[in-house]
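Take a look at the structure below.
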Amino acid sequence: MSLWYCRVCGLAYDESPWGQDDRTPDFTFCECCGAEFGYNDYSPESARRHRSRWLEQGAGWFYPNLQPTEWSPASQLANIPKRFQ
Ligand SMILES: [Zn+2]
């Protein structure tokens, strides 16, 4: 099964929140950057906008208790799909 990467922060997911057709977002929130799928990541521009706000605010986890102890924002950001970088 292929992983899906958050368009804003690059966090890996087992399933796409955009659905199997890639057009049906479930409007849940990224547990890392807090982007609302289908809203904050609907276009490359909106993804970049949310990303710069998230980075400016210190790149904290939306659900802090889910943050891995050895977490590297830089290597995660490298996973952002090209179109949304
Ligand atoms: Zn994210």
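Every number here is computed from the coordinates shown, using simple stated rules; none is lab data. Just so you know, these numbers come straight off a predicted model, no measurement behind them. Reconstructed Cβ throughout: ideal geometry from the backbone, glycine too, with neighbour counts over all protein chains shown.
A few comments on the model shown:
- Residue within the range 20-32 that is assigned to a helix (DSSP H, G or I) and touching a residue at least 12 places away in the same chain (Cβ under 8 Å) present: no
- Residue in the range 2-15 that is out of contact with any Lys or Arg (no Cβ under 8 Å at 6 or more places or on another chain), of a type in the set (A, V, I, L, M) and more than 17 Å from Q85 (Cα to Cα) present: yes
- Among the residues listed as A35, A74, the single one being among the small types (G, A, S) and touching a His at 6+ places or on another chain (Cβ under 7 Å): A35
- Scanning the range 42-56 finds no residues that are near the ligand (Cβ under 10 Å from one of its atoms), part of a loop (DSSP other than H, G, I, E, B) and either aromatic (F, W, Y) or within 10 Å of the chain's Cα centre (by Cα) (or both).
- Qualifying residue in the range 63-71 (condition: within 18 Å of Y13 (Cα to Cα), touching a residue at least 12 places away in the same chain (Cβ under 8 Å) and assigned to a loop (DSSP other than H, G, I, E, B)): yes
- Hits in the range 1-44 (condition: of a type in the set (D, E) and surrounded by fewer than 16 Cβ atoms within 10 Å (Cβ to Cβ)): D14, E15, D21, D22, D26
- Being within 11 Å of the ligand (Cβ to nearest atom) and either in contact with a strand residue (DSSP E or B) (Cβ under 7 Å, 6 or more places away or on another chain) or small (G, A, S) (or both) holds for only one residue in E15, E36, and it is E36.
- Restricting the range 45-84 to residues that are of a type in the set (A, V, I, L, M) and in contact with a Gly (Cβ under 8 Å, 6 or more places away or on another chain) leaves a set whose member that is surrounded by the fewest Cβ atoms within 10 Å (Cβ to Cβ) is A78.
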